[in-house]
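Below is one structure, written out as structure tokens, with a few remarks after it.
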Amino acid sequence: MSGFKKIILFTDTDGRTRFREETIQLTEGTPQIQLSEASPCSNYRIRRSPVGYNYDFHCSSSPIWVVILQGQLEITLRDGSSRLFKPGDCFFSANVLPSGAVFDKNVHGHASRQVGPDPLVTMFVGV
């Protein structure tokens, strides 16, 4: 049995966005076609962002999978750490604003920007 590394962007108990990793087990299918259990999704969208795209700190409006189809996306956290996602990479963005909280630009969210010479094309899959 093998697994798939799920990178999760989430809001921690202190309201700050962090990364963590979990493993999705691939327990179904065959040795040649290993599958996870089916997970529901509600919709998907394709987004194209031009070279130079830069989105200041923000929270996700609802949990979504982000799949990089073209270009590169850098996610930066408040602590200065960042991760670069390339075509074929994906992550689960669940860093929604805590219930009852008002967005504080010094605490909440993540920043995102296009990196490199190619426009960024992403697919958002709602859960």
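Converting phi to 3J(HN,Hα) with the Karplus coefficients 6.51, -1.76 and 1.60 and the offset θ = phi - 60°, segment 4-14 yields 10, 6, 9, 8, 10, 9, 9, 8, 7, 4, 8 Hz in sequence order, with x at every glycine or proline. On the beta carbon distance between SER62 and GLU28, with R0 = 25 Å, the FRET formula returns roughly 0.40.
Could you tell me what percent of the DSSP beta bridges with both partners in segment 2-126 are antiparallel, to the nearest 5?
Values: 42 of 45 bridges.
Looking only at bridges with both residues in segment 2-126, the antiparallel portion is about 95 percent.
Where the centre of each part is set by its Cα atoms, how far does segment 110-127 sit from segment 46-99, in angstrom? About 6 Å separates the Cα centre of segment 110-127 from the one of segment 46-99.
Of the residues GLY15, GLY80, SER112, the one whose Cα sits farthest toward the positive end of the charge dipole of the chain, with +1 on the Cβ of Lys and Arg and -1 on the Cβ of Asp and Glu, is SER112.
What is the order of THR30, THR23, THR76, THR17, fewest Cβ neighbours within 10 Å to most?
Values: THR30 7, THR23 10, THR76 15, THR17 26.
Lowest count first: THR30, THR23, THR76, THR17.
What does the C-alpha gyration tensor say about the overall shape of the chain? Classify as rounded when a/c is under 1.5, otherwise prolate if a/b is larger than b/c, or oblate. Verdict is oblate for the chain. Rounded to 0.05, the FRET efficiency of the SER82 and GLU21 pair, given R0 = 22 Å and the Cβ-Cβ distance, is 0.90. Charge dipole of the chain (Cα centre as origin; +1 on each Lys and Arg Cβ, -1 on each Asp and Glu Cβ, all else neutral): 260 debye, rounded to the nearest 20. For ASP89 and ILE8, the difference between the fully extended length at 0.36 nm per residue and the C-alpha to C-alpha distance is 27.9 nm.
None of the figures in this text is laboratory data; all of them are computed from the coordinates on show. From a predicted model like this one, the values you see are computed outputs, not experimental measurements. Glycine gets a Cβ as well: all are built from the backbone with ideal geometry, and neighbour counts include every protein chain shown.
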